[in-house]
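Here is the structure we will look at, set down as structure tokens.
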Amino acid sequence: MLQNQQDYDYKNYDYKAFKQQHKNCIIATTKEELQEALRVKQQEYIAFLQTNIQTDSTKRDLNYNHIDDTKHAPCHMQTSNTKKALHDTQVDETQQAPYNNHIKNTKQTLQDNHTEDTKRLLHYSQTDNTKRVLNHNQTTKPNQTICIQTGMSHAKLHNENKDSNIHFTSLDIGFTPTMGALHNGHKSLIESNVAQNHIAVVSIFVNPTQFSPTEDLSTYPRTLERDIEMCKEAGVDIVFAPTSEILYTDDDEITIEPPRKMGYILEGYYRPTHFRGVLQVVLKLFNLISPTRAYFGQKDAQQLLIIKKMVQHLCLPIEIIGMPIVRDYDNLALSSRNVYLSESERQLALAIPKTIFHLQDLITQQNIRDIAILKQEAEKILENLNIDYMDFYNHDLTFATKAQNCIFLLVVRIGKIRLLDNLWIE
């Protein structure tokens, strides 16, 4: 029996059932539309929970009424016996004239007793049911807070739900930031987001601040309509697709510097402003969405590690989840830039996953942990390719001395395209 609001944990309800009933995906292009979309999705979930709780309360009341009927069965038997007694005591008044008055008085007395018993039974059941219904449907106490952890105002949400009989702590909001041109690698991030959170948000934004002047900002693939369809099919609740003018409103923007020891080596060496732009846009999006969890691919290993460091240093209450690399039919790591490869260039690029799988076999099957030996094996496969960098790194991006609890990072340049791949080693 539900005694008070604290006895009810809203997370016991399967939010997959909620998503089946609310498959609408809201497209937001401004900050205000994003906040409204979050509010709408929260209200939909509140209504879903209230309906389920009321349904459960009704079921409990019906169950209790059934139990009460069983308890009061003797009363019903007594009533039946009374009726039988009345029937049995009826006699032919023409033959029993001397006793007619006595029998009438007896019948009246029995009927009065039956009426009183019935009244008491009805009063007892009505009072008991009323107490149970009141107990089930008690309203939130004045000192209880109805709030949801989101980017919107807690006070506003509390005011909108002041009549609710549900006590909330937080709803889980998942967030997957992307630059669009979505492929199955993005799809794996999005599907995990949808499966693990009450509200799933995906952003589609080609961030100009992470491109250097010599990079491919203007030619970066943009497939917004197709991307939105993929999000809808995956069950995403909100797609945030702003323009640059929405997120960057000032020529003199505050920037976020990456940690010096992690942000200006490897990718940071070849693209000096890259991680500054990445952290800037990711932090903006985090502040707008206030996610519980955020999903990033392990293919961009350095980016993943630096974002984890930013979340740690800035005390952001967000869980950063790295998802494994997803590969194409020929084992090439999926990337939006793969579309730039010609057929002959793609054949050359297949040496990259061949190297990754060969090293994995040497480490896991032959237990070779010597980094010098492993690098020699990699160089044999990659000898005809232009390597930007290739080495084993600890998770703080210092050089590893042994192939254990580290990451093998590899970047190869084919034509104008830089292709990243890696191997996470236990």
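A single entry from Leu316, Leu305 fulfils the requirement of being assigned to a helix (DSSP H, G or I) and either in contact with a helix residue (DSSP H, G or I) (Cβ under 9 Å, 6 or more places away or on another chain) or assigned by the TED database to the domain that holds His186 (or both): Leu305.
Among the residues here, Tyr295 does not qualify as over 22 Å from Gly174 (Cα atoms) and either under 21 Å from the mean Cα position of the chain (by Cα) or assigned to a loop (DSSP other than H, G, I, E, B) (or both).
In segment 265-286, what residues are in a loop (DSSP other than H, G, I, E, B) and of a type in the set (S, T, N, Q)? If the condition is that a residue be in a loop (DSSP other than H, G, I, E, B) and of a type in the set (S, T, N, Q), then Thr273 is the only one that fits. Flag: Val201 matches the condition of being in contact (Cβ under 8 Å) with a residue 12 or more places away in the chain and over 18 Å from Arg337 (Cα atoms). Within segment 309-329, identify whether any single residue is over 25 Å from Pro221 (Cα atoms), modelled with pLDDT of 95 or more, of a type in the set (Lys, Arg) and surrounded by 17 or more Cβ atoms within 10 Å (Cβ to Cβ), and answer yes or no. Scanning segment 309-329, I find at least one residue that is over 25 Å from Pro221 (Cα atoms), modelled with pLDDT of 95 or more, of a type in the set (Lys, Arg) and surrounded by 17 or more Cβ atoms within 10 Å (Cβ to Cβ), so the answer is yes. Within the bounds of segment 402-410, is there any residue that is surrounded by 13 or more Cβ atoms within 10 Å (Cβ to Cβ), over 25 Å from Leu305 (Cα atoms), β-branched (Val, Ile, Thr) and not assigned by the TED database to the domain that holds Tyr269? Scanning segment 402-410, I find no residue that is surrounded by 13 or more Cβ atoms within 10 Å (Cβ to Cβ), over 25 Å from Leu305 (Cα atoms), β-branched (Val, Ile, Thr) and not assigned by the TED database to the domain that holds Tyr269, so the answer is no. Residues in segment 4-41 that are at pLDDT below 70, outside any helix (DSSP H, G or I) and surrounded by 13 or more Cβ atoms within 10 Å (Cβ to Cβ): Tyr8, Tyr13, His22. Filtered by the rule that a residue be among the β-branched types (Val, Ile, Thr) and at pLDDT 95 or above, segment 369-426 gives Ile371, Ile373, Ile381, Ile387, Thr398, Thr401, Ile407, Val411, Val412, Ile414, Ile425. Checked against (1) farther than 25 Å from Leu334 by Cα; (2) in contact with a Leu (Cβ under 7 Å, 6 or more places away or on another chain); (3) not β-branched (Val, Ile, Thr), Glu253 passes all but condition (2). Being modelled with pLDDT of 95 or more and surrounded by 16 or more Cβ atoms within 10 Å (Cβ to Cβ) is true of Thr355. Take Pro213 and decide whether it is at pLDDT 95 or above and assigned to a loop (DSSP other than H, G, I, E, B). When the stated conditions are applied, Pro213 does not pass them.
Answer yes or no: is there a residue in segment 247-264 that is basic (Lys, Arg), surrounded by 13 or more Cβ atoms within 10 Å (Cβ to Cβ) and in a helix (DSSP H, G or I). No, segment 247-264 contains no residue that is basic (Lys, Arg), surrounded by 13 or more Cβ atoms within 10 Å (Cβ to Cβ) and in a helix (DSSP H, G or I). Every condition in (1) surrounded by fewer than 17 Cβ atoms within 10 Å (Cβ to Cβ); (2) in contact (Cβ under 8 Å) with a residue 40 or more places away in the chain; (3) under 32 Å from the mean Cα position of the chain (by Cα) holds for Leu334 except the one numbered (1).
The values are calculated or read from the model by the stated rules, or taken from the named source; none is laboratory data. Please read all numbers here as calculations on a predicted model, not as lab measurements. Note that we place each Cβ from the backbone using ideal geometry, even for glycine, and neighbour counts take in every protein chain shown.
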